[in-house]
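These notes are about the structure you will find just below.
The values are calculated or read from the model by the stated rules, or taken from the named source; none is laboratory data. Predicted model, so just to flag it, every value in this text is computed and none were measured. FYI the Cβ positions are ideal-geometry reconstructions off the backbone, even for glycines, and counts take in every protein chain you see. These area figures cover heavy atoms from the full protein model, side chains too; ligands, DNA and RNA do not enter into them. Shrake-Rupley method; radii C 1.70, N 1.55, O 1.52, S 1.80 Å.
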Amino acid sequence: QVQLVESGGGWVQPGGFLRLSCAASGSILSSKGVAWYRQAPGSQREVVATITSNGRTNYADSVKGRFFIGRDYAKNTVYLEMNSLKPEDTALYYCNINDGLNTYWGQGTQVTVSS
């Protein structure tokens, strides 16, 4: 059973920076595509950024140019760097892997952007 664990969330003022991490045991994070989703209160869960097994990335239009997804092979994690944060980025952020047979979710990490 794969367990994904997100970390790095918190409170930050508008314009600030946070770096989220997604950790898992074994090599699944380096061998499978990984996605970051977010869900704000009263809203549907939406995909924020994805990275394929060969490193191709894609971003939601709302975060393009501000958020960056990547792999930290030394730490065996997938990170989401979030720059120029806006209040509308406030949400619970989830790490996700869909390997075609199973879908795995972490418990989420809260990001709050406010002054």
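From the residues in region 63-86 that are open to solvent by 60 Å² or more (accessible area, probe 1.4 Å) and within 14 Å of the chain's Cα centre (by Cα), which one is farthest from R19 (Cα to Cα)? Outline the logic, then answer.
Pass one, region 63-86, residues open to solvent by 60 Å² or more (accessible area, probe 1.4 Å): 64-65, 68, 73-75, 84, 86.
When the remaining residues are screened for being within 14 Å of the chain's Cα centre (by Cα), the result is 64, 68.
Working: K64: 16, F68: 9 Å.
Ranking the candidates gives K64 first.
For region 36-57, indicate whether the set of residues that are acidic (D, E) and open to solvent by 60 Å² or more (accessible area, probe 1.4 Å) is non-empty. So that I can check it myself, show each step before the final result.
Just the residues of region 36-57 that are acidic (D, E), to begin with: 46.
Imposing the further condition that a residue be open to solvent by 60 Å² or more (accessible area, probe 1.4 Å) reduces the set to 46.
Within region 36-57, one or more residues are acidic (D, E) and open to solvent by 60 Å² or more (accessible area, probe 1.4 Å).
Quick one: in region 87-99, of everything that is open to solvent by 10 Å² or more (accessible area, probe 1.4 Å) and assigned to a helix (DSSP H, G or I), which residue is nearest to T52 (Cα to Cα)?
Checked region 87-99; the qualifying residue nearest to T52 (Cα to Cα) is E88.
Of everything in region 1-37 that's part of a strand (DSSP E or B) and touching a helix residue (DSSP H, G or I) at 6+ places or on another chain (Cβ under 8 Å), which residue is farthest from C95 (Cα to Cα)?
The initial filter retains those residues of region 1-37 that are part of a strand (DSSP E or B), namely 4-7, 10-12, 18-24, 34-37.
From what's left, touching a helix residue (DSSP H, G or I) at 6+ places or on another chain (Cβ under 8 Å): 22-23.
Details: C22: 6, A23: 9 Å.
Here the residue is A23.
Considering region 38-48 alone, what residues qualify as being in a strand (DSSP E or B) and not basic (K, R)? Outline the logic, then answer.
Filtering region 38-48 down to residues in a strand (DSSP E or B) leaves 38-39, 46-48.
Those that are in a strand (DSSP E or B) and not basic (K, R): Q39, E46, V47, V48.
Keeping to region 8-26, report how many residues are open to solvent by 60 Å² or more (accessible area, probe 1.4 Å) and within 12 Å of T77 (Cβ to Cβ). Working first, answer last.
First, the residues of region 8-26 that are open to solvent by 60 Å² or more (accessible area, probe 1.4 Å): 11, 13-14, 17, 19, 25.
Those left that are additionally within 12 Å of T77 (Cβ to Cβ): 19, 25.
Total meeting the criteria: 2.
When S84 is evaluated against the numbered criteria (1) on the phi > 0 side of the Ramachandran plot; (2) assigned to a strand (DSSP E or B), which criterion, by number, is the only one it fails?
(2)
Please go through (1) open to solvent by 60 Å² or more (accessible area, probe 1.4 Å); (2) touching a Ser or Thr at 6+ places or on another chain (Cβ under 8 Å) for V2 and return the number of the only condition it doesn't satisfy.
For V2, the exception is condition (1).
Do you know which residues across region 100-113 are touching a residue at least 40 places away in the same chain (Cβ under 8 Å), of a type in the set (S, T, N, Q) and assigned to a strand (DSSP E or B)?
Taking region 100-113 first, the residues touching a residue at least 40 places away in the same chain (Cβ under 8 Å) are 102, 104-113.
Of the ones still in play, those that are also of a type in the set (S, T, N, Q) are 102, 107, 109-110, 112.
T109, Q110, T112, listed by residue number.
Only residues that are touching a strand residue (DSSP E or B) at 6+ places or on another chain (Cβ under 9 Å) and without any contact (Cβ under 8 Å) to a residue 40 or more places away in the chain: list them for region 65-87, please.
G65, R66, F67, F68, I69, G70
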